[in-house]
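J.: After the structure tokens below, expect a handful of questions from me.
The values are calculated or read from the model by the stated rules, or taken from the named source; none is laboratory data. Note that the structure is predicted; figures quoted are calculated from it, not measured. Backbone-built Cβ (ideal geometry, glycine too); neighbour counts: all protein chains shown. Ligands, DNA and RNA are excluded from the accessible area calculation, which covers all protein heavy atoms including side chains. Shrake-Rupley method; radii C 1.70, N 1.55, O 1.52, S 1.80 Å.
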Amino acid sequence: MKNNINRKNVVLIGFMGTGKSTLGRQLARKIGYDFIDTDLAIEEVTGKTVEKIFRKDGPIRFRSEENLLARKLSARSGLVIATGGGMVLNSENVRLLQQNGVLIGLKADPEIILNRVRNKRRRPLLRRGNLRENVERLLREREGAYDMAEFTIDTGKLSFGEALNEIHKYLKRKGHVQ
């Protein structure tokens, strides 16, 4: 593991199904950072799945868990953080994550997102109703929500390897990683 002291976090933001967790895990390996998936971290802390938190405690409880986690992560460095799709809907979370992080946006066309999330019905915002309608509605509701990213790539137009390399090249060019 490389020395992560004073190294800005790399924070991946974007809608569900854009590849934040998959790319994040590989990016962390490539640059020698630790990887954190915020949804998994919340599940670990609460002892409940994201789905169960939404169902039993409600979305407000889940969003407060996200905020507590954003506070903790903002004090750390040398992390690649894959955020849940809704984490940046709270402006305080954005401010906290930007304190010691570079926000990288991931996006994809609705059809690609649909194909990626089709068999992942554990996602609480997609559990009920028509999958296509839910994805399209959420994309409309969140239009512009990920615009604070300083660099954005379309993971639907690039292969996994190309997307990983584009992010890495950007981080090197900006002096965030070696």
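J.: Among the residues of segment 1-22, which ones are small (Gly, Ala, Ser) and either within 17 Å of LYS72 (Cβ to Cβ) or part of a helix (DSSP H, G or I) (or both)? So that I can check it myself, show each step before the final result.
T.: Let us first name the residues in segment 1-22 that are small (Gly, Ala, Ser), namely 14, 17, 19, 21.
Within segment 1-22, SER21 is the sole residue that qualifies.
J.: Report yes if ASP39 is without any contact (Cβ under 8 Å) to a residue 60 or more places away in the chain and surrounded by 19 or more Cβ atoms within 10 Å (Cβ to Cβ), otherwise no. Before the answer, list the steps.
T.: On the way: without any contact (Cβ under 8 Å) to a residue 60 or more places away in the chain: yes; surrounded by 19 or more Cβ atoms within 10 Å (Cβ to Cβ): yes.
For ASP39, the condition - without any contact (Cβ under 8 Å) to a residue 60 or more places away in the chain and surrounded by 19 or more Cβ atoms within 10 Å (Cβ to Cβ) - is met.
J.: Just checking, does segment 130-137 include any residue being of a type in the set (D, E, K, R), modelled with pLDDT of 95 or more, more than 21 Å from ILE53 (Cβ to Cβ) and not in a loop (DSSP other than H, G, I, E, B)? Break it down into steps so the answer makes sense when it comes.
T.: Initial filter on segment 130-137 (of a type in the set (D, E, K, R)): 132-133, 136-137.
Restricting the remaining residues to those that are modelled with pLDDT of 95 or more gives none.
No; the residues of segment 130-137 include none that is of a type in the set (D, E, K, R), modelled with pLDDT of 95 or more, more than 21 Å from ILE53 (Cβ to Cβ) and not in a loop (DSSP other than H, G, I, E, B).
J.: Okay, next question. Specify the residue that is farthest from LEU96 (Cα to Cα); the eligible residues are those in segment 60-77 that are open to solvent by less than 70 Å² (accessible area, probe 1.4 Å) and either aliphatic (A, V, I, L, M) or without any contact (Cβ under 8 Å) to a residue 12 or more places away in the chain (or both).
T.: Among residues in segment 60-77 that are open to solvent by less than 70 Å² (accessible area, probe 1.4 Å) and either aliphatic (A, V, I, L, M) or without any contact (Cβ under 8 Å) to a residue 12 or more places away in the chain (or both), the one farthest from LEU96 (Cα to Cα) is SER64.
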